[in-house]
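Read the structure below first, then the notes.
Nothing in this text is a laboratory measurement; each read-out follows from the coordinates by a stated rule. Since the model is a prediction, treat every value here as computed from it, not as a measurement. Cβ: placed from backbone, ideal geometry, glycine included. Neighbour counts: every protein chain shown.
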Amino acid sequence: MSDSEEEINDKKLKIVVMGDGASGKTSLCTRYSQEQFNKQYGQTVGLDFYLKRIVLPGNINVTLQVWDIGGQTLGGKMLDNYIYGSQGVLLVYDITNYSSFENLEDWYAAIRKVCKDVRSPHIALVGNKIDLEHMRTVKQDKHQRFAQEHGMSSHFVSAKSGDSVNLCFQKLAAEILGVKLTKPEVEQQQRVLKAEIIKYPADAPVKPLPQQPKSSFCVLQ
């Protein structure tokens, strides 16, 4: 393969992860980019960055620049800047917190506002914390209806266990680039990682996270 062909197959994508605070956005990002899960909750102030390098079928090298946007930015002056230029959005809510699902309309409206004059990003609806299925307050049919009405792809994940976390990022990247994943490739990304299940106290301390971009590399072929 020539240098020019390699350049053509080297893609960079801006992926924005949005949703209410405590919905597990940062845990989702760290699970995907670092294969780690932090048991302590830390509120993201503004945004954090993560990098993930992957290879999609067809030997397409992709660098995902993941923007983890703090939940308190909704309605703020910087949110439009965070969204602008994104090729993909993960709209995340907590399946055990109904208000985080209700507020998706506001997050979606923010995306539409920024992208009204430009090409809209691919959006995936992500219901997080399926390891707490027994505490679910958002029915699956409501999730599916919201995704269908807004033309979104749909995922249920657990940042804690790792269930389907890779898949939601991989499929979003593939959709953006027009790459079709085979059934074995999809199944490969649905692996579940073992994780200790713990209960968080309602008054768990909130602390900001340092903005240190991390990177990793995986191959899907």
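Structural remarks
- Cα gyration tensor shape of the stretch 11-189, rounded if a/c is under 1.5, else prolate or oblate by comparing a/b with b/c: rounded
- Amide H contacts for residue 123 (H built 1.01 Å from N in the peptide plane; partners 5 or more residues away or on another chain; cut-off under 5 Å): 89, 153.
- Among 149, 133, the order by Cβ neighbours within 10 angstrom, fewest to most, reads 149, 133.
- Exposure proxy ranking for 14, 113, 142, 77, based on other Cβ atoms within 10 angstrom of each Cβ and starting from the fewest, stands as 77, 113, 142, 14.
- Antiparallel %, DSSP beta bridges [both residues in the stretch 11-189], to 5: 30 percent
- Length available on full extension from residue 59 to residue 177: 0.36 nm per residue minus the Cα-Cα distance, which gives 41.2 nm.
- Relative contact order (%) - criterion: Cα under 8 Å, at least six apart; region: the stretch 11-189: 24 percent
- Cut-off under 5 Å, modelled amide H: who pairs with residue 179 long-range: none
- In summary, the stretch 51-108 shows an alpha-carbon radius of gyration equal to 1.41 times the 2.2 N^0.38 Å reference for compact globular proteins.
- Exceedance of the 23 Å cut-off in Cα-Cα distance is limited, within the set 52/139; 25/171; 14/171, to 52/139.
- With 0.36 nm allotted per residue and the present C-alpha distance subtracted, the residue 112-residue 136 stretch has 5.8 nm of extension available.
- Three-way shape call for the stretch 91-179 based on the alpha-carbon gyration tensor, with the a/c threshold at 1.5: oblate
- In this structure the amide hydrogen of residue 43, modeled in the peptide plane, comes within under 5 Å of the amide hydrogens of 207, none closer than 5 places in sequence on its chain.
- Per-residue Cβ neighbour counts within 10 Å put 150, 122 in the sequence 150, 122, beginning with the fewest.
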